[in-house]
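Undergrad: If you scroll down you'll find the structure; I have some questions about it.
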Amino acid sequence: MSILISGTVALDSIHTPTEVHNELLGGSASYAALAAALDAPVQVCSIVGRDFPAEHRALLTGHGIDIANIEFAEGRTFRWTGRYHENMNHRETLDVSIDVLEKFAPKLTAEAAAAKVLLLANMSPDNQIAVLNQVTGKPFVIADSMDLWINIARAGLLEVMQRVDLFVINEDEAKMFTEASNLVTAGWRLREMGPRHVVVKKGEHGALLFGPDNAFFATPAYPLTEVADPTGAGDSFAGGLAGSLAAAGNASPDFSDLARGVVRGSVLASFTCEAFGVKRIAAVTPQEAASRMAEFRRCTSW
Ligand code: AMP
């Protein structure tokens, strides 16, 4: 089954305590697409400026990612700069240049509109709704978001939540959004806001999946001894989950399809953390991904 991923395609500058890298390929859709492409055909809907480097474009198409729905507009590509502190768990945004994103009005081709799995990767709820309004058929819809939209576009985000099958959010954002100090309470409260399923990402501590009758806890995340750059881990998680659902080929995924997707997302996110930007997730082979899945199973079953 094919996947449509909408989100940002960006140029990222990343500072860690030991290294700085500038103008790397980044953005929520880039990470998600590279992860999902390991499992299924992917189309991306986004916008970049005329300055978007040919090598980044070639990296996406070289992974078989269909970029027919990426608009190459006048102006500069969205840029984001972030800095991680000592333990790599906390980051601050140093700079954001919205540029072409400001005029983004997603327009889907007929093929993209008919995708069976739709991942609304992190971007403004207005843009997520614009994509949702164009889909034909009944895709399984996953949406990711971030604290910025909870703070400045809450009404739009609540509308998105009413229209998706699975909502993904990180731990701190889930607590902030629901005003719950307990994560399980936060998960159930998020479900009451509309989505049938909710995933709360807990970084190195894994992820929690909440459904109508069940919960599944994929904990911890795949354990890494060294994290070079966690940027895009959440996006890779969402992409890996979408790819797993598309590969399973079930138009109405059941709880076990979703649980497997959560593990697949965790495993692919672990690769992203091993090098700067998309370098590692873009180099993962199907064999490496399969062996990490098997190791995850071995380390967590009892
Ligand atoms: P993550 O580490 O999974 O939270 O995602 C990091 C990616 O999100 C980076 O590649 C950024 O380019 C992208 N990003 C940062 N801010 C935004 C935003 N406001 N909307 C969409 N994508 C963003």
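Undergrad: Got at least one residue in region 43-50 being within 16 Å of the ligand (Cβ to nearest atom) and assigned to a loop (DSSP other than H, G, I, E, B)?
TA: no
Undergrad: In region 206-223, what residues are over 21 Å from Asn122 (Cα atoms) and either of a type outside the set (A, V, I, L, M, F, W, C) or free of Cβ contacts under 8 Å to residues at least 12 places away in the same chain (or both)?
TA: Gly211, Pro212, Asp213, Asn214, Phe217, Thr219, Pro220, Tyr222, Pro223
Undergrad: Here is a check on your reading of the model: is Asn87 modelled with pLDDT under 95 and either away from the ligand (no atom under 13 Å from the Cβ) or in a loop (DSSP other than H, G, I, E, B) (or both)?
TA: In short, yes.
Undergrad: Another question, if that's okay. Can you name the residue in region 92-102 that is touching a residue at least 24 places away in the same chain (Cβ under 8 Å) and not in a helix (DSSP H, G or I) and, of all such residues, is surrounded by the most Cβ atoms within 10 Å (Cβ to Cβ)?
TA: In the first step, residues of region 92-102 are kept if they are touching a residue at least 24 places away in the same chain (Cβ under 8 Å); the result is 94-95, 99-101.
Add one more test, that the residue is not in a helix (DSSP H, G or I), and what stays is 94-95.
Working: Leu94: 12, Asp95: 10.
So the residue we want is Leu94.
Undergrad: I'd like to check which helices (runs of 4 or more DSSP H) are fully inside region 103-187 and have at least 3 residues that are crowded, with 19+ Cβ neighbours inside 10 Å.
TA: Helices (runs of 4 or more DSSP H) meeting the threshold: 125-132, 154-162, 171-178.
Undergrad: Can you name the number of the only condition in (1) away from the ligand (no atom under 12 Å from the Cβ); (2) within 22 Å of Gly27 (Cα to Cα); (3) touching a Leu at 6+ places or on another chain (Cβ under 8 Å) that Arg154 fails?
TA: Single failed check for Arg154: (3).
Undergrad: Is region 33-47 home to any residue that is crowded, with 19+ Cβ neighbours inside 10 Å, small (Gly, Ala, Ser) and in contact with a Cys (Cβ under 8 Å, 6 or more places away or on another chain)? I'd like the intermediate steps shown before the answer.
TA: If we filter region 33-47 for residues that are crowded, with 19+ Cβ neighbours inside 10 Å, which is where we start, we get 33-40, 42-47.
Keeping just the survivors that are small (Gly, Ala, Ser) gives 33, 35-37, 40, 46.
Still in the running and in contact with a Cys (Cβ under 8 Å, 6 or more places away or on another chain): none.
No, region 33-47 contains no residue that is crowded, with 19+ Cβ neighbours inside 10 Å, small (Gly, Ala, Ser) and in contact with a Cys (Cβ under 8 Å, 6 or more places away or on another chain).
Undergrad: OK, next. What number of residues in region 2-17 are of a type in the set (S, T, N, Q) and modelled with pLDDT under 95?
TA: Total meeting the criteria: 2.
Undergrad: Okay, next question. Quick check on region 57-77. Is at least one of its residues at pLDDT 95 or above, more than 12 Å from the ligand (Cβ to nearest atom) and touching an Asp or Glu at 6+ places or on another chain (Cβ under 6 Å)?
TA: yes
Undergrad: Restricting to region 44-99, give me the number of residues that are within 21 Å of Val131 (Cβ to Cβ), of a type in the set (Asp, Glu) and more than 18 Å from the chain's Cα centre (by Cα).
TA: Matching residues across region 44-99 total 2.
Undergrad: Filter region 190-225 down to the residues that are in a helix (DSSP H, G or I) and in contact with a Phe, Trp or Tyr (Cβ under 8 Å, 6 or more places away or on another chain) and list them by number.
TA: Leu190, Arg191
Condition check ((1) aliphatic (A, V, I, L, M); (2) within 15 Å of the ligand (Cβ to nearest atom); (3) surrounded by fewer than 17 Cβ atoms within 10 Å (Cβ to Cβ)) across all residues:
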{"residue": "Asp213", "(1), (2), (3)": "no, no, yes"}
{"residue": "Phe255", "(1), (2), (3)": "no, no, yes"}
{"residue": "Gly265", "(1), (2), (3)": "no, yes, no"}
{"residue": "Ala282", "(1), (2), (3)": "yes, yes, no"}
{"residue": "Arg292", "(1), (2), (3)": "no, no, no"}
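Undergrad: How many residues are closer than 27 Å to Ala289 by Cβ and surrounded by fewer than 24 Cβ atoms within 10 Å (Cβ to Cβ) if we restrict to region 13-24?
TA: 4
Undergrad: Now for a different question. If the requirement is being more than 11 Å from the ligand (Cβ to nearest atom) and either touching a His at 6+ places or on another chain (Cβ under 9 Å) or not in a strand (DSSP E or B) (or both), which of these qualifies: Leu25, Leu4, Leu34?
TA: Leu34
The values are calculated or read from the model by the stated rules, or taken from the named source; none is laboratory data. Source: prediction; values computed, not measured. With ideal geometry, Cβ positions are generated from the backbone for all residues, glycine too; neighbour counts draw on all protein chains shown.
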